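Student: There's a structure below that I have some questions on.
The values are calculated or read from the model by the stated rules, or taken from the named source; none is laboratory data. Here the structure is a predicted model, which is why all the values come from computation and not from measurement. Here the Cβ positions follow ideal geometry from the backbone for every residue, glycine too, while neighbour counts run over all protein chains shown. These accessible areas exclude ligands, DNA and RNA; they are computed on the full protein's heavy atoms, side chains included. Shrake-Rupley method; radii C 1.70, N 1.55, O 1.52, S 1.80 Å.
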Amino acid sequence: MGCCSGRCMLILLCSVQLITAVERQVFDFLGYQWAPIMVNFLHIIVVILGLFGAVQYQSRYVVVYLLWMFVWICWNVFVGCLYLDLGGLSKDSHVLSLGVSSHSSWWKNHGPGCQSQSLPSDSWQDHQNPSLTTVLSCWLQYQYIEVLHCTMQLLVSLPGVVYSCYVVSTFSEEESYYK
């Protein structure tokens, strides 16, 4: 059995998903986002199973991967809506940190191009509150970085669904042919 184009494309997509999931995992660790960390670990495991299924011609593993992709797509839509404050969700809630961390996201203050700019101290008399005397300006706010991560995951996951459906049907046809 040679490498059909759908199978090779699924292997490539799984590899890209692994790379992007590990990169996202680092962002979530720095942001103290415990729920996404757990979901990302599960995602990495299932993508490895899907990769194994595509390489070893095991359709049941590719089906598990396919089903997980639907859950993964829903998860990324939820996280994107959360960070954009859509649908009654709020990025300031403790949903993603599971309420166990008192830390704020590292990315709020250390995103790309974030710099603290001091305001003229004459205009503010309350020097005990440093938030009144400094403004954080960032090139890209942390919530938009998370939305970009979700978008990237969706762009990789949707073709993964298409190719995994194709691979499962191809494997089913080959299995019925050899019986």
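Student: Could you list, in sequence order, all residues of the range 59-94 that are closer than 18 Å to residue 44 by Cβ and of a type in the set (S, T, N, Q)?
Tutor: Hit for the range 59-94 is 76, nothing else.
Student: Can I ask one more? Residue under question is residue 27, and the condition is that it be surrounded by fewer than 18 Cβ atoms within 10 Å (Cβ to Cβ), of a type outside the set (Val, Ile, Thr), within 14 Å of the chain's Cα centre (by Cα) and closer than 23 Å to residue 148 by Cα; does it hold? Before the answer, list the steps.
Tutor: Numbers: surrounded by fewer than 18 Cβ atoms within 10 Å (Cβ to Cβ): no; of a type outside the set (Val, Ile, Thr): yes; within 14 Å of the chain's Cα centre (by Cα): yes; closer than 23 Å to residue 148 by Cα: yes.
Criteria not met by residue 27.
Student: Any idea which residue in the range 1-24 is nearest to residue 92 (Cα to Cα), counting only those that are open to solvent by 50 Å² or more (accessible area, probe 1.4 Å) and in a loop (DSSP other than H, G, I, E, B)? Spell out how you get there, then give the answer.
Tutor: Pass one, the range 1-24, residues open to solvent by 50 Å² or more (accessible area, probe 1.4 Å): 1-3, 5, 8-9, 12, 16, 19, 22-23.
When the remaining residues are screened for being in a loop (DSSP other than H, G, I, E, B), the result is 1-3.
Values: 1: 52, 2: 51, 3: 47 Å.
It comes out as 3.
Student: Against the definition (over 14 Å from residue 147 (Cβ atoms) and either modelled with pLDDT under 85 or open to solvent by 70 Å² or more (accessible area, probe 1.4 Å) (or both)), how does residue 57 come out, yes or no?
Tutor: Numbers: over 14 Å from residue 147 (Cβ atoms): yes; either modelled with pLDDT under 85 or open to solvent by 70 Å² or more (accessible area, probe 1.4 Å) (or both): yes.
Here the answer is yes, as residue 57 does meet what is asked.
Student: Residues of the range 26-51 being assigned to a helix (DSSP H, G or I) and at pLDDT below 90, which ones? It would help to see each step written out before you state the result.
Tutor: Start the filter on the range 26-51 by keeping residues that are assigned to a helix (DSSP H, G or I), which leaves 26-30, 34-51.
26, 27, 28, 29, 30, 34, 35, 36, 37 - these are the residues of the range 26-51 that are assigned to a helix (DSSP H, G or I) and at pLDDT below 90.
Student: While we're here: Which condition from (1) surrounded by fewer than 17 Cβ atoms within 10 Å (Cβ to Cβ); (2) touching a residue at least 24 places away in the same chain (Cβ under 8 Å); (3) farther than 23 Å from residue 172 by Cβ is the one that residue 80 breaks?
Tutor: (1)
Student: Return only the number of the condition from (1) modelled with pLDDT under 90; (2) open to solvent by less than 60 Å² (accessible area, probe 1.4 Å) that residue 164 does not satisfy.
Tutor: Going through (1) modelled with pLDDT under 90; (2) open to solvent by less than 60 Å² (accessible area, probe 1.4 Å) one by one, residue 164 breaks only (1).
Rundown of residues vs (1) at pLDDT 65 or above; (2) farther than 30 Å from residue 59 by Cβ; (3) open to solvent by 80 Å² or more (accessible area, probe 1.4 Å), yes/no style:
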| position | (1), (2), (3) |
| --- | --- |
| 109 | yes, yes, yes |
| 121 | no, yes, no |
| 129 | no, yes, no |
| 138 | yes, yes, no |
| 148 | yes, yes, yes |
| 154 | yes, no, no |
| 158 | yes, no, yes |
| 168 | yes, no, no |
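Student: Mind checking which residues of the range 43-64 are more than 12 Å from the chain's Cα centre (by Cα) and closer than 20 Å to residue 75 by Cα? Before you say what the answer is, go through the steps one by one.
Tutor: The first filter runs over the range 43-64 and keeps only residues more than 12 Å from the chain's Cα centre (by Cα), leaving 45-64.
The answer is 45, 46, 47, 48, 49, 50, 62, 63, 64.
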